[in-house]
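Student: Below is a structure I'd like to ask you about.
The values are calculated or read from the model by the stated rules, or taken from the named source; none is laboratory data. Remember, predicted model here, so these are calculated numbers, not experimental data. FYI the Cβ positions are ideal-geometry reconstructions off the backbone, even for glycines, and counts take in every protein chain you see.
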Amino acid sequence: MMDMIKNDGAKGQELIAFRIGSQEFCIDVMSVREIRGWTPATPLPQAPSFVCGVINLRGTVLPIVDLAARLGFTPAEPSARHAIVVVQIAQQMVGLLVEGVSDIFTVTESQVQPTPDVASDMAKEFVRGVIAMDGRMISMIVLDSILPADQRKAA
């Protein structure tokens, strides 16, 4: 782990990158509990449109959020290539449905550019910043905004 910290005096933050459509997003690796293959979810009545349903994760009922739908993209049609990234948001464990995990990398705060002013308020709510590296643009997601405020309080 120590070799992943940059030598410029700034401590790096480890992020895990994944795809949704043609775009790449990332979250702090410390929030990730596990990554698993797609498992069909049991739908819940009256659930928000971005909630696929729930799965049984070793005896725990885990809600699955379609991250594409939550971020305003076309809802995913889950297949074997999709993955569930199990994350901790406040006190709630949630599975995020993504198209695939691409890599884990380390950045320093100076590498994270602010979300452009032309972005919508909704985009700014979900995206903390943008990282340009290796010819890729990776948006850093704010996990706290994935669950609506009322669901975070209930958790």
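Student: Can you find even one residue in segment 122-130 that is closer than 17 Å to G53 by Cα, surrounded by 12 or more Cβ atoms within 10 Å (Cβ to Cβ), at pLDDT below 80 and in contact with a strand residue (DSSP E or B) (Cβ under 9 Å, 6 or more places away or on another chain)?
Tutor: So far as segment 122-130 goes, no, none of its residues is closer than 17 Å to G53 by Cα, surrounded by 12 or more Cβ atoms within 10 Å (Cβ to Cβ), at pLDDT below 80 and in contact with a strand residue (DSSP E or B) (Cβ under 9 Å, 6 or more places away or on another chain).
Student: Separate question: Give the residue, chosen from R152, R70, R136, that is modelled with pLDDT of 90 or more and surrounded by fewer than 18 Cβ atoms within 10 Å (Cβ to Cβ).
Tutor: Criteria check complete, one pass: R136.
Student: Here is a follow-up. Give the residue, chosen from Q46, Q113, that is closer than 18 Å to F126 by Cβ and surrounded by fewer than 14 Cβ atoms within 10 Å (Cβ to Cβ).
Tutor: Q113
Student: Of the residues that sit in segment 1-30 and are at pLDDT below 95 and either among the small types (G, A, S) or more than 28 Å from S110 (Cβ to Cβ) (or both), which one is surrounded by the most Cβ atoms within 10 Å (Cβ to Cβ)?
Tutor: G12
Student: Go through segment 8-56 and report how many residues are over 19 Å from V87 (Cα atoms) and hydrophobic (A, V, I, L, M, F, W, C).
Tutor: Total satisfying the criteria: 3.
Student: Scan segment 31-53 residue by residue and report those that are of a type outside the set (A, V, I, L, M, F, W, C) and within 30 Å of E109 (Cβ to Cβ).
Tutor: Scanning segment 31-53 gives S31, R33, E34.
Student: All but one of (1) in contact with a helix residue (DSSP H, G or I) (Cβ under 6 Å, 6 or more places away or on another chain); (2) under 20 Å from I20 (Cβ atoms) hold for F73; state the number of the condition that does not hold.
Tutor: Condition not satisfied by F73: (1).
Student: Six or more apart or on different chains, Cβ under 8 Å: which pairs go from a residue in segment 1-24 that's over 18 Å from R128 (Cα atoms) to one that's at pLDDT below 95 and of a type in the set (K, R)? Could you list them?
Tutor: Note: pairs meeting the criteria are I5/K11.
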